[in-house]
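Asks: One structure coming up, written as structure tokens, with questions to follow.
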Amino acid sequence: MKNIFTDHPNSVGETYFQHFAFAFGIGFKLIVWGFVAMIHALLPFTFKTYVSKHIHKMYLKINRQADK
């Protein structure tokens, strides 16, 4: 019988808790960066490249993780 909690984490070489920590961290950062982007929308002179730089770094980190 399949275990819906561990099938995907195992498929990317992680335990359930490793995957939880990684995915939760990604989600939390995206929420924070969303607020930063909204501040930038109101005050365009602030955080000009902050969110895009961090999203690019996250993209590279996720792809490195997927290559394991």
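Asks: How high is the relative contact order of the chain, in percent, counting Cα pairs under 8 Å that sit 6 or more residues apart?
Replies: Once divided by the residue count of the chain, the mean separation gives 26 percent.
Asks: A follow-up question, please. If neighbour count is taken as other Cβ atoms inside 10 Å, put S11, S52 in order from fewest to most.
Replies: Least crowded to most crowded, the residues run S11, S52.
Asks: Give me the Kirkwood hydrodynamic radius of segment 26-68 in Å, from all C-alpha pairs, to one decimal place?
Replies: So the Kirkwood estimate lands at 11.1 Å.
Laboratory data are not the source of any read-out in this text; all were calculated from the coordinates shown. Everything numeric in this text was worked out from a predicted model, so none of it was measured. So basically every Cβ, Gly included, is an ideal-geometry build from the backbone, and we count neighbours across all protein chains shown.
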